[in-house]
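The values are calculated or read from the model by the stated rules, or taken from the named source; none is laboratory data. Predicted, not measured: the structure shown is a model, and the values here were computed from it. Counting neighbours? That spans all protein chains shown, and the Cβs are built from the backbone with ideal geometry, glycine included.
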Amino acid sequence: YIGSNSEIYHQNAMFGHDMAFGGGGFALSSSLANVLANKFDSCIERYPHLYGGDSRVHACVLELGVGLSLEPGFHQFDVRGNALGILTSHSTR
């Protein structure tokens with residue numbers, strides 16, 4: 001389980017400093033993915049209160065005793081407030 005947390009303290013405080021944020025992406029080893037695939041449906045049913053797939057994957061991975069390996073190459077880009085124009089302001093040429 002490899003990825004990175006958010007660069008925004010508020011997000012980490014809310015969701016945890018040891019969770020890979022889905023916006024930045026994360027990766028699972030093939031062995032972990034195989035084990036998780038067999039248990040995932042029943043696992044996510046135990047966490048209906050968690051927001052987002054990344055939170056649910058995190059909870060299920062923790063149940064298996066696997067922690068996050070931080071990789072700075074994964075980047076969560078949290079935009080606070082109105083994000084209108086943030087991506088369109090960059091040239092595609």
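Candidates ASP18, ASP41, ASP54: the one that is loosely packed, with under 13 Cβ neighbours inside 10 Å and acidic (Asp, Glu) is ASP41.
Quickly run through the stretch 45-72 and pick out the residues that are free of Cβ contacts under 8 Å to residues at least 60 places away in the same chain, outside any helix (DSSP H, G or I) and under 16 Å from ASN12 (Cα atoms). Once the filter is applied, which keeps residues that are free of Cβ contacts under 8 Å to residues at least 60 places away in the same chain, outside any helix (DSSP H, G or I) and under 16 Å from ASN12 (Cα atoms), the stretch 45-72 yields LEU50, TYR51, GLY52. Cβ-Cβ contacts under 8 Å between residues 6 or more apart (or on different chains), taken from a first residue in the stretch 18-44 that is free of Cβ contacts under 8 Å to residues at least 24 places away in the same chain and within 26 Å of HIS75 (Cβ to Cβ) to a second residue that is surrounded by 15 or more Cβ atoms within 10 Å (Cβ to Cβ) and of a type in the set (Lys, Arg), are listed as ILE44/ARG56.
Restricting to the stretch 34-79, name every residue that is under 11 Å from ALA20 (Cα atoms) and touching a Lys or Arg at 6+ places or on another chain (Cβ under 6 Å). None; the set is empty.
Being on the phi < 0 side of the Ramachandran plot and at pLDDT below 90 is a description that does not apply to ASP41. The number of residues in the stretch 24-38 that are surrounded by fewer than 17 Cβ atoms within 10 Å (Cβ to Cβ) and either at pLDDT below 95 or outside any loop (DSSP other than H, G, I, E, B) (or both) comes to 10. Scanning the stretch 1-16 for residues that are assigned to a loop (DSSP other than H, G, I, E, B), touching a strand residue (DSSP E or B) at 6+ places or on another chain (Cβ under 9 Å) and under 26 Å from ARG80 (Cα atoms) returns SER4, ASN5, GLU7, ILE8.
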